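Below is one structure, written out as structure tokens, with a few remarks after it.
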Amino acid sequence: MRQGTTLSEIAKITGYSISTVSKALSDSSEISKETKNKINKVSKLLGYRPNKTAISLRSGKNYCIAVIIPSIEDSFYARVYHGIQSEVVNTNYSIITCITKESLAKEKYLINKIFNQVDAFIIAASEETILTGDINHLESIHKSTKPLIFIDRAVKGIKCCQILSDSTDS
């Protein structure tokens, strides 16, 4: 099965180097507007889509945000998720959504599983995490270079952005 149009195919058709094609598609100031227009026109005709894995390997970024919430069925968290998604949709970022079902073990497992796949975390800590005070897994995120935002529930002992509300009145 064919993977899709590559930079080398666009380069061959347009007569430019792969480097020039890459820079033009990234809107580099090194490339003239005329060249960008030619390359963009060909890339659209061929249905070119950037390879997110290749971009990630080159940049060291995944362009992905983890949203970890207890439930998507709860109307409060559904609205929060919708708000996050509506802000992220016009960026180069994607969202990985994880549902903990209020389980500390599941929260730890999910964070561990996706840690290297995301650039940032938005987390509504599980009730079990808050009740037990077991926050080692959250501290490990905080100690990394990844941005961390807590929503809805205060996590004591970690100083980071926390967006709190009284979800019982929602």
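The values are calculated or read from the model by the stated rules, or taken from the named source; none is laboratory data. In this text, all values refer to a predicted model and were calculated from it rather than measured experimentally. All Cβ positions, even for glycine, are placed from backbone atoms using ideal geometry, and neighbour counts span all protein chains on display. Ligands, DNA and RNA are excluded from the accessible area calculation, which covers all protein heavy atoms including side chains. Shrake-Rupley method; radii C 1.70, N 1.55, O 1.52, S 1.80 Å.
Here are the numbers for the structure shown:
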read-out	value
Global form of the chain, assessed from the alpha-carbon gyration tensor, a/c cut-off 1.5	prolate
Region 1-90 - charge dipole about Cα centre, Lys and Arg +1 at Cβ, Asp and Glu -1, debye rounded to 20	500
Nearest-0.05 FRET efficiency for Tyr63 and Ile18, computed from C-beta distance (R0 22 Å)	0.55
Student exercise, the chain dipole from Lys, Arg, Asp, Glu Cβ charges, in Debye to nearest 20	1160
Among the listed pairs Lys101/Lys159; Lys108/Lys146; Lys61/Lys159; Lys108/Lys156; Lys101/Lys146, those beyond 21 Å (Cα-Cα)	Lys101/Lys159; Lys61/Lys159; Lys101/Lys146
Spatially proximal aspartates and glutamates relative to Lys113 (Cα-Cα < 20 Å; intrachain offsets below 8 disregarded)	Glu102, Glu128, Asp134, Glu139
Excluding exposed DSSP-loop GluC sites (Glu not before Pro) (at most 10 other C-beta within 10 Å), longest clean stretch of the chain	74-170
Stretchable slack from Thr53 to Ser86, in nm (0.36 nm times residue separation minus alpha-carbon distance)	9.5 nm
Of Thr132, Thr6, Ile65, farthest towards positive along the dipole that unit charges on Lys, Arg, Asp, Glu beta carbons give the chain	Thr6
Normalised contact order of region 8-143, rounded percent, pairs of Cα under 8 Å and 6 or more residues apart	22
Label-point separation in nm, Lys146 to Ser28, each point 7 Å along Cα→Cβ	3.0
Amide H contacts under 5 Å for Ser94, placed H, 5+ residues apart	Cys64, Ile65
Two-site FRET efficiency, Cys161 against Asp119, from Cβ-Cβ distance with R₀ of 22 Å, rounded to 0.05	0.90
Share of carbon and sulfur in the accessible heavy-atom surface of the chain [1.4 Å probe, %]	53
